[in-house]
1. Taking Asp315 as meeting all but one of (1) among the acidic types (Asp, Glu); (2) at pLDDT below 90; (3) under 25 Å from Ser101 (Cα atoms), write down the number of the exception.
2. Look at Thr262 and say whether it is modelled with pLDDT of 90 or more, over 26 Å from Leu99 (Cα atoms) and open to solvent by 60 Å² or more (accessible area, probe 1.4 Å).
3. Which residues, taken from segment 265-288, are in a helix (DSSP H, G or I), of a type outside the set (A, V, I, L, M, F, W, C) and farther than 13 Å from Ala253 by Cβ?
4. Could you tell me whether segment 112-132 includes any residue that is touching a Lys or Arg at 6+ places or on another chain (Cβ under 6 Å) and in a helix (DSSP H, G or I)?
5. Please work out which one of (1) modelled with pLDDT under 85; (2) open to solvent by 40 Å² or more (accessible area, probe 1.4 Å) is the condition Gly348 fails and give its number.
6. Inspect segment 289-297 for any residue being of a type in the set (A, V, I, L, M, F, W, C), assigned to a loop (DSSP other than H, G, I, E, B) and either touching a strand residue (DSSP E or B) at 6+ places or on another chain (Cβ under 7 Å) or open to solvent by less than 20 Å² (accessible area, probe 1.4 Å) (or both) and give the result as yes or no.
7. With the requirement that a residue be in contact with a strand residue (DSSP E or B) (Cβ under 8 Å, 6 or more places away or on another chain) and under 15 Å from Pro259 (Cα atoms), what does segment 105-139 give you?
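The values are calculated or read from the model by the stated rules, or taken from the named source; none is laboratory data. Not measured: the values here are computed from a predicted model. Note that each Cβ is placed from the backbone with ideal geometry, even for glycine, and that neighbours are counted across all protein chains shown. When the accessible area is computed, the model is the full protein with side chains, heavy atoms only, and any ligands, DNA or RNA have been set aside. Shrake-Rupley method; radii C 1.70, N 1.55, O 1.52, S 1.80 Å.
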Amino acid sequence: RSPLHLSSRDDDWLGNTRARSRSPLHLSSKDDDWNLGDEKNDEDDSRLDEMRQILESSWNGEAMGQVPSDSGKAAEACSQAVANAMRQNRNVLMVDLRLPSFDTTEGPRAYDSFGVYDFCSHLSRHLKQLSLVTKTLILFRNDLEVKHIEQEKLIRGDGDSDDLNDTANPGRQLQNDVDDFRDQLMANWDDESANPVPSVAPSGEPTPLASDNSSHRLGSMIGEAEISPGPDQFDQTIQAVDQHALLQGEEDALIIVAPYDTTDTVALRRTLARYGNTRTIIIVNSRIELLPRELDNAVMCYGILPLIARRGHNDPDAGLKAVVLKRYPDPWTVYVDVDDDGFYEAKGGPMSPVDSSDKQLPSPEWIALKVQAFLQKQ
């Protein structure tokens, strides 16, 4: 047990039930919110701006890379890590931004789908500029989210000129045997010794689109389909994905945003079965509790969890800041700022519990031990 208590939300920041230590020191990214997107609540603006300024003033660019102070800069930092992985022939990649506005499980008050879209569009643009992809299909869950984003783009006047009108066009239904895929998928769903689900051969590709200069197309995994929670959930999801989540024309990469429930898991597995061996797939902020075996070879490219200590108005350690950062191929690293003189790497304490192939954030206990070891050397 560590003497530090770390949390980024009122319950468990990983969304899992785990034993955690208690202490007077509390590191939080929920209570002192840090948001990369545009704020929804005017009364929170000053607090969020203050947090952003605090982190920007402490950021150690030489050690930590680009400061992710907004969606564009976060995408730039992320693209460097993604590029490192792609140049090592990694094609199934994961990104985890542990910020309330990027986490769909935080609910509509905190989650900012437009901010997430802004991040993804910038990421696709950077990868295109690096000549790593030609065009990316950005997939949100359904058309309701897509319509909301399109409305926000019109209201804000956001979006690049090459992308503003580049909206989703549903692809044609593939003529694959859904029942055969269902049998293969369900046969090894829980069998860890089974072979991965084979790729789905797309027989009947959509008519290629004319070449253009846009970096991405905005679409959804299931369109307007209403997926029931009953026995038809699997078939309904597969049919919806086969109609909507299809690459067109020059598209050679996908960004899948925030999968988290059973429908998302089925949709993700279907998409990975179709494109996982041949295309670049980037999964942003997955909250699926048990990752499917199709992600066994995936790598976490970029992850960030900002934390701030709060212990009392007169406590000398109140205001201590920490950032847990992952940039492929480097392991997870903790940076600490005690006296507002900048972030320094916490090199003491336990070795990193994960390597570059890991797909989860380190545990709160590990982070706490790293911070404790750093403080003991001060």
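1. Condition (3) is where Asp315 drops out.
2. no
3. Correct list: Thr265, Arg269, Arg270, Arg274.
4. no
5. The single condition Gly348 does not satisfy is (2).
6. no
7. Ser113, Val116, Tyr117, Cys120, Ile138, Leu139
Here is a yes/no grid of residues against (1) at pLDDT 95 or above; (2) buried (at least 21 other Cβ atoms within 10 Å of the Cβ); (3) farther than 20 Å from Met221 by Cβ:
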residue	(1), (2), (3)
Thr104	no, yes, no
Arg109	no, no, yes
Gly115	no, yes, no
Leu123	yes, yes, no
Leu127	yes, yes, yes
Ser131	yes, no, yes
Leu137	yes, yes, no
Asp143	yes, no, no
Val146	yes, yes, no
